[in-house]
Amino acid sequence: MSHPNLTLVDHPLVQHKLSLMRDARTPGPDFRRLLREISLLLTYEAARNLPLKHETITTPLTDMEAPLLGCPDPVVVSILRAGNGLLDGVLDVIPTAKVGFVGLYRDEETLQPVQYYNKLPPEISGRLVIAVDPMLATGNSSAAAVDLLKAAGATDITLICLLAAPEGVDCMARVHPDVRIVTASVDSHLNEKGYIVPGLGDAGDRIFGTV
Ligand code: URA
């Protein structure tokens, strides 16, 4: 497994929260809260290269040239449905981000993505586009989502995923090597049903209580 553009966030806070999420005994409300918190911390890395502008502000003591986020606002795209578990964490730290949704489900037989929804903000070219999906498993869904984003004009794409499988990382390196990946872990492997091992199970089911 290799990827030219992968950031593994091994910060103790992220790793601790991730272990709590992996634990099958962790209840849904805690799982959702932890995912939102980790999302916020992964966004910190994903947004590292955002451009800054400088404007004069007045502190209680003096004027200063202060760094502020430049334009245009980033876009965050939730890959439904599990991506919604990461969405609020991104918006907590980038509240001005525009939001899009891509609906893909995984055909359980073929493991191939099937698109059922696509609603993106206009003019996504020239913006940082942060796609969010907790699980980078085979990579097929993420690659298909990135295809849609590129077709809509996106050129600067970062994928935030909580967990990745080596197979998914390899797939993205092959199909979209320009897309940065920010993740909390690259796990061991995929099992025969396409689940990440050791993983945390079905992220959507655990977020939405549909187990
Ligand atoms: N999707 C999930 O929710 N979990 C996995 O382990 C793989 C894909």
Filter the range 23-68 down to residues that are touching a Gly at 6+ places or on another chain (Cβ under 8 Å) and part of a loop (DSSP other than H, G, I, E, B) and give me whichever is surrounded by the most Cβ atoms within 10 Å (Cβ to Cβ).
L50
Here is a check on your reading of the model: is S78 among the hydroxyl-bearing types (S, T, Y) and within 13 Å of the ligand (Cβ to nearest atom)?
no
Only listed residue being in contact with a His (Cβ under 8 Å, 6 or more places away or on another chain) and either small (G, A, S) or at pLDDT 95 or above (or both), chosen from A47, A66, A82:
A66
Condition check: of a type in the set (D, E), more than 13 Å from I160 (Cα to Cα) and modelled with pLDDT of 95 or more. Does D107 satisfy that?
no
Note on the range 181-196: residues in contact with a strand residue (DSSP E or B) (Cβ under 8 Å, 6 or more places away or on another chain), in contact (Cβ under 8 Å) with a residue 40 or more places away in the chain and either more than 9 Å from the ligand (Cβ to nearest atom) or assigned to a loop (DSSP other than H, G, I, E, B) (or both) are I181, V182, T183, A184, S185, V186, G194
The one condition V114 fails out of (1) within 16 Å of the ligand (Cβ to nearest atom); (2) part of a strand (DSSP E or B); (3) of a type in the set (A, V, I, L, M); (4) within 25 Å of F31 (Cα to Cα) is (4)
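The values are calculated or read from the model by the stated rules, or taken from the named source; none is laboratory data. Values in this document were obtained by computation on a predicted structure and should not be read as measured data. Glycine gets a Cβ as well: all are built from the backbone with ideal geometry, and neighbour counts include every protein chain shown.
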